[in-house]
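Presented below is the structure to which this report refers.
Bear in mind these aren't lab numbers, they're just calculated from the coordinates by the rules spelled out. From a predicted model like this one, the values you see are computed outputs, not experimental measurements. Glycine gets a Cβ as well: all are built from the backbone with ideal geometry, and neighbour counts include every protein chain shown.
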Amino acid sequence: MDTQPVSDPDRAILRPAEELPLFGRRVLLTAPRTYAPRFVAAVMARGGLPILMPTIETTLLDDYATLDACLRRLASFDWIAFTSRNGIEALLYRCEQLGLPPTALNACRLAAIGKDAERLAEVGLRVDLTPLEPSPGGIVSALAALDATSGAAVLVPAPLVEGVPEPDVVPTFVADLQRSGMRVTRAPAYRTRALDGARYAPELALIRQGVIDALAFSSAAEIASFLAMVNTPEDYGHCAICCFGPYTAAHARRLGLSPAVVAEDFGSFDGFATAIARHFMGAKPAHSG
């Protein structure tokens, strides 16, 4: 059969669903609701059936004293390094609350990952660095390769993690910047909290019943929170473990999971959905009988 190329979802709009690479696949997404709509669209464009079960939630903080103090002295920072879209939205929110225009952030040079850079451009901000590798490690490497970054002051908007141990992504990012000679200020910008699995009894039942083909994790915190919701590895043993890039996959392995899919293009959810689709090309859905 002439199967729709997995990397070209736009051309799939008028194709029968049966011709798409994720047809019949139930893919459970653990991404928070702030990210989930983009991931849902990417899975559906490839014929998949996304099932939403956000295992974490990102919310505003109760206390913004630290971040606000940083925003009031932006001129003292050389760079703002964003490791997530949430950090961008949090800074834009606080600028609004403080009566600062978004363009006030142009007092610093800005570094962002992948599609996150587009959000900065939408509000008139200049993006000075978008690394080829769309990851915090990519930002470190790209900054370290620039002249005059040794001794540079870098503001890192970061999550305040509650309910699960903090993944090592941001602490490692901060430590690597410091090892490169930069002066780093980590400022809490938003809250990442684990959600209670009790709200997901139907979804967890579907996993145990064997009707979910893939578990798609887009961050380390999602994995830790998911594992707190299940009883044993047998609950999800039949599911393909899918990870949004090597950093998420490394954390999955540390927690005892064996990723079947690790997206090589992890700059967007399109790249992740493409990797999942490629994994399932030519195989039968687990629930097809």
Original post:
Whole-Hz Karplus ³J(HN,Hα) for region 266-276, in order, using 6.51 cos²θ - 1.76 cosθ + 1.60 and θ = phi - 60°, x for Gly and Pro?
Top reply: 10, x, 7, 6, 4, x, 5, 4, 4, 4, 5
**OP:** Could you size up the charge dipole of region 159-271 around its Cα centre, putting +1 on the beta carbon of Lys and Arg and -1 on that of Asp and Glu, and report it in debye to the nearest 20?
**Re:** 460 debye
**OP:** For region 50-145, just the Cα atoms, rotate onto the principal axes and tell me the three extents in Å, largest first.
**Re:** 42, 37, 23
Subject >> Estimated inter-spin distance, A228 and D68, nm [label 7 Å along Cα→Cβ] >> reply: 2.9 nm
**OP:** Give a residue-ordered list of calculated ³J(HN,Hα) values for region 75-81 (Karplus: 6.51 cos²θ - 1.76 cosθ + 1.60, θ = phi - 60°; whole Hz; x for Gly, Pro).
**Re:** 5, 7, 10, 8, 9, 10, 10
**OP:** Give the angle, between 0 and 90 degrees and rounded to the nearest 10, that separates the Cα long axis of helix 36-45 from the longest principal axis of the Cα atoms of the chain.
**Re:** 40 degrees
Original post:
Under a Cβ-Cβ cut-off of 15 Å, what is the net charge of the residues other than L92 that fall near it, where Lys and Arg count +1 and Asp and Glu count -1?
Top reply: -2
Subject >> In region 166-269, the GluC sites (Glu not before Pro) that fall in loop regions by DSSP, at most 15 other Cβ within 10 Å >> reply: E264
**OP:** Take every DSSP beta bridge whose two residues both sit in the chain, then give the antiparallel share in percent to the nearest 5.
**Re:** 10 percent
**OP:** Go through (i) 134; (ii) 156; (iii) 124 and flag the label whose value is the computed volume of the Cα convex hull per residue in Å³ for this structure.
**Re:** (i)
**OP:** Give the long-range amide H neighbours of E162: residues separated by 5 or more places, or on another chain, with amide H under 5 Å away, using H modelled in the peptide plane at 1.01 Å from N.
**Re:** T192, R193, A194
Original post:
So, with +1 on the Cβ of K and R and -1 on the Cβ of D and E, and no other charges, what is the size of the charge dipole of region 59-193 about its Cα centre, to the nearest 20 debye?
Top reply: 200 debye
**OP:** Select from region 81-171 those GluC sites (Glu not before Pro) which occupy a DSSP coil region and have at most 12 other Cβ atoms within 10 Å, ordered by residue number.
**Re:** none
Subject >> Residue exposure sequence - E166, E19 - by fewest surrounding Cβ within 10 Å >> reply: E19, E166
**OP:** Pick out, in residue order, every one of the trypsin sites (Lys or Arg not before Pro) in region 41-117 that is DSSP loop and has at most 16 other C-beta atoms within 10 Å; say none if there are none.
**Re:** R72, R73, K115
**OP:** Could you point to the residue in A121, I139, A69 farthest towards the positive end of the chain's charge dipole, with +1 and -1 charges on the Cβ of Lys/Arg and Asp/Glu respectively?
**Re:** A69
**OP:** Would you mind checking region 172-198 for residues with the amide N under 15 Å from a putative spin-label position 7 Å along Cα→C-beta of L160?
**Re:** 186-194
Original post:
Once Lys and Arg get +1 and Asp and Glu get -1 on their Cβ, which of A175, P102, G163 lies farthest toward the positive end of the dipole of region 59-193?
Top reply: P102
Original post:
Tally Lys and Arg at +1 and Asp and Glu at -1 over the other residues with C-beta under 14 Å from the C-beta of G197: what net charge comes out?
Top reply: -2
Original post:
Most fluctuating residue of D147, D68, D196 in a GNM of the chain with Cα springs under 10 Å: which is it?
Top reply: D147
Subject >> Magnitude of the charge dipole, the chain, Cβ model with Lys/Arg +1 and Asp/Glu -1, debye to 20 >> reply: 120 debye
